[in-house]
Amino acid sequence: MKMSNMLISTLREVPAEAEIDSHKLMLRAGMIRKMASGIYNYMPLGLKVLKNVENIIREEMNNAGAQEFLASAVLPAELWQESGRWDVYGDELFRLKDRNNRDFCLGPTHEEVFTDIARNEIKSYKQLPINLYQIQTKYRDERRPRFGVMRSREFIMKDAYSFDKNQEGLDISYNKMREAYIKIFNRCGIEAKPVEADSGAIGGSNSAEFMVKSEVGEDDVVFCTACDYAANIEKAYSTAEKSEVEELKPLNKVETPNVKTIEELVKFFNTTEKRFAKTLIYNADDKIVAAMVRGDREVNEVKVSNALGGVVNLNMATPEEVFKATNAQVGFAGPINIKVDVLLVDEEVANMYNFIVGANETGYHIENVNYNRDFEGIVGDYRNITEGEKCPVCGGKVTISRGTEVGHIFKLGTKYSEAMNANFIDENGKEKPFIMGCYGIGVTRTMASIIEQHNDENGIVWPLSVAPYHVNIIPVNIKDEEQMKIANKIYEELKMIGVEAILDDRNERAGVKFKDSDLMGIPMRITVGKKIVDGEVEFKLRISEMENIKIEEAIEKVREEFKKNKLSVR
């Protein structure tokens, strides 16, 4: 492509709206343009990168035996009502009505559609296993769109669904997808580690997220320093710290006027946070629930939600709801005689001795409280794991890093097939529900994550596998006929061997062309200038020093870079 014919508008200044590197550089390099909050147009340069990422995904999905399919993005409410998600999915669902007042939504995900296809098209176990996938635009009315295409209201996603006759078959399908994902992200040039994850609104038994470490990531990811264990903090199991055994002491009610927070209580009682158990009260789908953790711990609301059977809306209780449950103001809640529907007790608290809690009376706390003797509840793991704790697998220390999810795979089981009566006939002539798996990749988010991992002070540094163009040929002086002749010759020869090349034939200074090339992240640059009188051109990789090479060596030099990156040319 000749640059004079391209629609590219690079920006020298960083747009005020952009917060993270990928957002800044996608705007500056002219890859995206904003239409509305969380909604973007993809300009030609950005679209080429998206298509390259899509093609890598498509190749690896096909190699793993999946078949491409394309569903409608406009989904009838009836399908979602069958699965039970129409009323519980939440405010992120874009809902609309047609001219006949029938309910529809814009697809945020497609479990129901694929299940409907399977129940209508797959009749016998002889047709199984089958894995269908699509690459399509999704819609979610995000409460707070941010970080450019990282969290937007319209995004491109690859979603796949496997259908098997038994659990063993699902395990095989799941592992095939896991391996395919590893290959996909490796080919895209990003480090994406599979970590244990919570299944969330999608449901199912097991799931893994593919996480990219990122300072601006929206998730906390737990990594073991001694083994391969990795998990989203929502899922990471916390190993209870053992308390020293003490003789049980009698309860002692203490007046604590205006002392509410753990920090204030530590000073008041002249002790440590570990001597306290705090009681947090929630409204969980209109049930009042209390969760107890040690004073220095944080409640994991995902674990609380899962313990309650997967509630949809989990919110901190209002002061009025707290008073009704405790007969006290906020800050004095405790487990003894609390009036809640469910009391969840973290296992660490259940193993403590003579600890301090709120007295359910404004201005008072109680010392020497002990589980089983003074109160009871449902014991489990309801807290966040913390930096330096023991790994639940090997006992080594864990670290916590921020991460961005680029892919997620689930073992759905029969969650959707049973709800939607999606069955097949087995070897014995009996009807059985499909055993399903679900596998998603955020295509636009993957593109942004590549930029997050591959950039410098000059712009994007695209891996060769996904770059919009592989080589930028820059004639220093477009009015010099010999320079243009050689530049055009190299350009045409590169096109003939299948290399995506740009010929920057704009009437601009060389410095402007170099800056644009670096900003756009083109992996290779060939500069045609005064050295052609010596039979030489300049060759430069995006992040390496420039070198002079013979004109006739230019094509072979490009070939060498493709070979190094395990990519082929003609």
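The values are calculated or read from the model by the stated rules, or taken from the named source; none is laboratory data. Being a predicted model, the structure only gives us computed values, none of them experimental. In this analysis, Cβ positions are derived from the backbone assuming ideal geometry, glycine residues included, and neighbour counts consider all displayed protein chains.
Which one of the conditions (1) at negative phi; (2) surrounded by fewer than 23 Cβ atoms within 10 Å (Cβ to Cβ); (3) at pLDDT 90 or above does residue 202 fail to meet, given that it meets all the rest?
Tallying (1) at negative phi; (2) surrounded by fewer than 23 Cβ atoms within 10 Å (Cβ to Cβ); (3) at pLDDT 90 or above, residue 202 fails exactly one: (3).
Please find, within the stretch 75-111, the residue that is surrounded by the most Cβ atoms within 10 Å (Cβ to Cβ) out of those that are in a loop (DSSP other than H, G, I, E, B) and free of Cβ contacts under 8 Å to residues at least 24 places away in the same chain.
In this case the residue turns out to be 86.
So if I check each of 164, 159, which one is touching a Leu at 6+ places or on another chain (Cβ under 8 Å) and either free of Cβ contacts under 8 Å to residues at least 24 places away in the same chain or assigned by TED's automatic domain parsing to the domain that holds residue 428 (or both)? Before you say what the answer is, go through the steps one by one.
Details: 159 fails: touching a Leu at 6+ places or on another chain (Cβ under 8 Å).
So the residue among 164, 159 that is touching a Leu at 6+ places or on another chain (Cβ under 8 Å) and either free of Cβ contacts under 8 Å to residues at least 24 places away in the same chain or assigned by TED's automatic domain parsing to the domain that holds residue 428 (or both) is 164.
Among 234, 215, 244, which is among the charged types (D, E, K, R), loosely packed, with under 13 Cβ neighbours inside 10 Å and either free of Cβ contacts under 8 Å to residues at least 12 places away in the same chain or within 26 Å of residue 380 (Cβ to Cβ) (or both)?
So the residue among 234, 215, 244 that is among the charged types (D, E, K, R), loosely packed, with under 13 Cβ neighbours inside 10 Å and either free of Cβ contacts under 8 Å to residues at least 12 places away in the same chain or within 26 Å of residue 380 (Cβ to Cβ) (or both) is 244.
Listed residues 489, 566, 540; which is under 30 Å from residue 23 (Cβ atoms) and not small (Gly, Ala, Ser)? Before you say what the answer is, go through the steps one by one.
Values: 489 fails: under 30 Å from residue 23 (Cβ atoms); 566 fails: under 30 Å from residue 23 (Cβ atoms).
540 is the lone residue from the list that is under 30 Å from residue 23 (Cβ atoms) and not small (Gly, Ala, Ser).
Look at residue 47 and say whether it is under 17 Å from residue 138 (Cα atoms), modelled with pLDDT of 95 or more and of a type in the set (A, V, I, L, M, F, W, C).
It is true that residue 47 is under 17 Å from residue 138 (Cα atoms), modelled with pLDDT of 95 or more and of a type in the set (A, V, I, L, M, F, W, C).
Working carefully through the options 92, 78, 82, 112, find the one that is in the same structural domain as residue 161 (by TED's automatic domain parsing), over 28 Å from residue 186 (Cα atoms) and touching a Ser or Thr at 6+ places or on another chain (Cβ under 6 Å).
Details: 92 fails: touching a Ser or Thr at 6+ places or on another chain (Cβ under 6 Å); 78 fails: touching a Ser or Thr at 6+ places or on another chain (Cβ under 6 Å); 82 fails: touching a Ser or Thr at 6+ places or on another chain (Cβ under 6 Å).
From the options 92, 78, 82, 112, the qualifying one is 112.
Given (1) part of a strand (DSSP E or B); (2) touching a Pro at 6+ places or on another chain (Cβ under 7 Å), where does residue 169 come up short, assuming only one miss?
So the condition that residue 169 fails would be (1).
Residue pairs, Cβ under 9 Å, 6 or more apart or interchain, first in the stretch 113-125 and free of Cβ contacts under 8 Å to residues at least 60 places away in the same chain, second among the polar types (S, T, N, Q). List them.
113/72; 114/134; 121/127
Go through the stretch 306-346 residue by residue and tally those that are within 35 Å of the chain's Cα centre (by Cα), of a type outside the set (A, V, I, L, M) and exposed (fewer than 14 other Cβ atoms within 10 Å of the Cβ).
So the count comes out to 6.
Quick one: in the stretch 289-301, of everything that is crowded, with 19+ Cβ neighbours inside 10 Å and out of contact with any Leu (no Cβ under 8 Å at 6 or more places or on another chain), which residue is farthest from residue 365 (Cα to Cα)?
This residue is 300.
Residue 331 passes all but one of (1) within 30 Å of residue 91 (Cβ to Cβ); (2) touching a Lys or Arg at 6+ places or on another chain (Cβ under 9 Å); (3) modelled with pLDDT under 95; which number fails?
Failing condition for residue 331: (1).
Here's the yes/no breakdown for (1) closer than 30 Å to residue 419 by Cα; (2) assigned by TED's automatic domain parsing to the domain that holds residue 21:
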position: 197; (1), (2): yes, yes
position: 208; (1), (2): yes, yes
position: 276; (1), (2): no, no
position: 302; (1), (2): yes, no
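Would you check which residues across the stretch 539-552 are farther than 15 Å from residue 522 by Cα and surrounded by 15 or more Cβ atoms within 10 Å (Cβ to Cβ) and list them?
Listed by number, the residues that qualify are 549, 551.
Checking the structure you have, find out if any residue of the stretch 306-328 is over 13 Å from residue 278 (Cα atoms), in a helix (DSSP H, G or I), among the acidic types (Asp, Glu) and free of Cβ contacts under 8 Å to residues at least 12 places away in the same chain. Spell out the reasoning first.
Of all residues in the stretch 306-328, those over 13 Å from residue 278 (Cα atoms) come to 306-328.
Still in the running and in a helix (DSSP H, G or I): 306-307, 319-326.
Now narrow it down to the ones that are among the acidic types (Asp, Glu): 320-321.
Okay, now just the ones that are also free of Cβ contacts under 8 Å to residues at least 12 places away in the same chain, so 320.
Within the stretch 306-328, one or more residues are over 13 Å from residue 278 (Cα atoms), in a helix (DSSP H, G or I), among the acidic types (Asp, Glu) and free of Cβ contacts under 8 Å to residues at least 12 places away in the same chain.
Of the residues 437, 442, 429, which is in the same structural domain as residue 232 (by TED's automatic domain parsing) and either more than 26 Å from residue 155 (Cα to Cα) or at pLDDT below 95 (or both)?
Sole residue among the options that is in the same structural domain as residue 232 (by TED's automatic domain parsing) and either more than 26 Å from residue 155 (Cα to Cα) or at pLDDT below 95 (or both): 429.
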